[in-house]
Amino acid sequence: MFDTLLRHCNLPDGRTDIDIGITGGRIAAVAPHLPGPAGEEIDAGGQLVSPPFVDAHFHMDSTLSYGLPRVNQSGTLLEGIALWGELKPLLVQEAIVERALAYCDWAVAKGLLAIRSHVDVCDPRLLATEALLHVRERVKPYLDLQLVAFPQDGVLRAPGALDNLRRALDMGVDVVGGIPHFERTMADGAASVRLLCEEAASRGLRVDMHCDESDDPLSRHIETLASESVRLGLQGRVTGSHLTSMHSMDNYYVSKLLPLMREAGVAAIANPLINITLQGRHDTYPKRRGMTRVPELLAAGIPVAFGHDCVMDPWYGLGSGDMLEVAHMGLHVAQMTGQDGIRACFQAVTATPAAILGLDGYGLEPGCRADLVLLQAADPVEAIRLRATRLLVMRAGKVIARTAPATATLSLPERPGEVDFRLHRKKV
């Protein structure tokens, strides 16, 4: 007997009319027409059941702080960094916790149950670090929060940043971060990559660096990151986030870079909403999109995930924690509008970031943790097209969020009734 039995599920891999049996908070069986009884049966009605969404790149210490102490008038990356510098001395730990918990509520409602958040460690008080370590424990029953020690102002450029980063790691932060392109010189940037990768290797930690978040095609710290991954045996544990300079690099150099990244086992994280907003600001026309080369990275065998990056903070005044919105923007910017491309973008907000974060028990196979999302869509393509309603969100087999189906009732002459925005498929 199962604790819970989900019937008539469509799965992201294309299987249809599948039942999912859950026992003890784990998936016990996945097959058509599983025998009952069960403590509870839920009819998915031929709609998509997915593992939860995963955000591989976010800044929770700044989320929901839009307008504090002022609004980013230019909308640029550099003004956002300057504005965050103005806000940091004014931060109060309780307010960071309150905003982060509010965002986690948004995330759960959207089926987003795992987030990797960078936390700025350049403030010697480490207020944000302490706040998010507290939040990590508070939300642990329903959301996996992985923290990155991020020296926003440059680990070599900012006084005391390296010591602060090490203190944050000693406090329990999970991942080593960096921002080499924000150091004073290209040489300093490369030196910071070597230093931080050595720190991660000595501690047995993962690495996730803001890398080459620039329109400058000569910002090439990703090659140093890949080289250090090989030298230190960090393959499979290193991620380059943003990589927007690759958008502007010449094709010959990229033809050398991609195999180097593949050999080094370096993953990539694009942030479509923010990359398309902050990059290309110095262009008139033609204007660069700025997002990294997602199709080419995937074709080279490099894992690519998407991140939300910002929600209502000094860099971006929009957002709602919806990873389907992120995937929707990503496929448009990358021109991945073929069926395979759209499905790859769904993977970029589910299974791929789960692998990058090293999440235990993620997936829809027997033995995986029963973290599931029921979407008002038949398949991943339709889910992205509609930014589908999350009808039900489960954590370890327990329902933690429900949302009513999206419907519209028409009162038109000769055509009254409800509108179904999903595809109408004829049965053959």
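Laboratory data are not the source of any read-out in this text; all were calculated from the coordinates shown. If you're wondering where the values come from, they're calculated on a predicted model, not measured in any experiment. No Cβ is skipped: glycine too gets one built from the backbone with ideal geometry, and neighbour counts run over all protein chains shown.
Scalar couplings 3J(HN,Hα) for the range 249-256, obtained by applying the Karplus form with A = 6.51, B = -1.76, C = 1.60 to θ = phi - 60°, are 5, 6, 5, 5, 5, 4, 5, 7 Hz; x denotes Gly and Pro. One chain, two ends: Glu418 and Arg281. Fully extended at 0.36 nm per residue, the span grows by 44.9 nm beyond their Cα-Cα distance.
What is the sum of charges, Lys and Arg at +1 and Asp and Glu at -1, for the other residues whose Cβ falls under 10 Å from the Cβ of Gly36? Could you put the intermediate results ahead of the total?
Working: positive: Arg7; negative: Asp19, Glu41.
Result for the neighbourhood of Gly36: -1.
Once amide H atoms are placed 1.01 Å from N in the peptide plane, what residues at a sequence separation of 5 or more from Phe2, or on another chain, have their amide H within under 5 Å of its amide H? Those qualifying (amide H under 5 Å, at least 5 residues apart or on another chain) are Gly39. Starting from 0 in steps of 20 Å, tell me what percent of the Cα-Cα pairs of the range 53-357 lands in each bin. That works out to 37, 61, 3, in percent per bin. For the range 176-283, which trypsin sites (Lys or Arg not before Pro) are in a loop by DSSP, counting at most 10 other Cβ atoms within 10 Å? In loop regions of the range 176-283 (DSSP not H, G, I, E or B), the sparsely surrounded trypsin sites (Lys or Arg not before Pro) are Arg184.
Determine by what factor the alpha-carbon radius of gyration of the range 311-372 differs from 2.2 N^0.38 Å, reporting the quotient. Intermediate results must be reported in sequence, preceding the final value.
Working: Rg = 14.1 Å, N = 62, 2.2 N^0.38 = 10.6 Å.
Relative to the 2.2 N^0.38 Å estimate, the range 311-372 comes out at 1.34.
Placing pseudo-labels 7 Å out from each Cα toward the beta carbon at Thr407 and His332 gives an inter-label distance of 2.9 nm. Listed values for the range 259-264 are Karplus-derived 3J(HN,Hα) couplings in whole Hz (6.51 cos²θ - 1.76 cosθ + 1.60, θ = phi - 60°), namely x, 5, 5, 4, 4, 7, and x replaces Gly and Pro. With θ taken as phi - 60° and the Karplus curve 6.51 cos²θ - 1.76 cosθ + 1.60 applied, the whole-hertz 3J(HN,Hα) list for the range 89-100 is x, 9, 5, 10, 4, 4, 5, 4, 4, 4, 5, 5 Hz, x standing for glycine and proline. Relative to the longest principal axis of the chain, what angle (0 to 90°, nearest 10) does the C-alpha long axis of helix 127-139 take? The angle comes out at about 20 degrees. Binning the C-alpha pair distances of the range 122-200 at 10 Å intervals from 0 yields a P(r) profile of 20, 48, 25, 7, 0 %, listed from the shortest bin outward.
Express in % the proportion of alpha carbon pairs of the range 1-56 at distances exceeding 15 Å. Can you show the working numbers first?
Values: 674 of 1540 pairs.
For the range 1-56, the share of Cα pairs beyond 15 Å comes to 44 percent.
The long axis of helix 77-87 is offset from the longest Cα principal axis of the chain by roughly 80 degrees.
Taken as Cα centroids, the range 125-201 and the range 360-374 sit 30 Å apart, rounded to the nearest whole angstrom. Once you reduce the range 1-79 and the range 275-289 to the center of their Cα atoms, the two points are 34 Å from each other.
Student exercise: in the chain, how many lysine pairs 8 or more apart or on different chains have Cα atoms under 27 Å apart?
On the way: Lys88/Lys140; Lys110/Lys140; Lys110/Lys398; Lys140/Lys398; Lys256/Lys287.
The result is 5.
If we count every other residue with Cβ under 12 angstrom of Ala131's Cβ, Lys/Arg +1 and Asp/Glu -1, where does the sum land? Around Ala131, the charge tally is -3. Using a Gaussian network model of the chain in which every pair of alpha carbons under 10 angstrom is joined by a spring, one finds that among Ala200, Ala300, Ala327 the greatest mean-square fluctuation is at Ala300. A helix-only calculation puts the chain at -10000 deg cm²/dmol for mean residue ellipticity at 222 nm, using -39500 (n - 2.57) for each DSSP H run of at least four residues, averaged over all residues.
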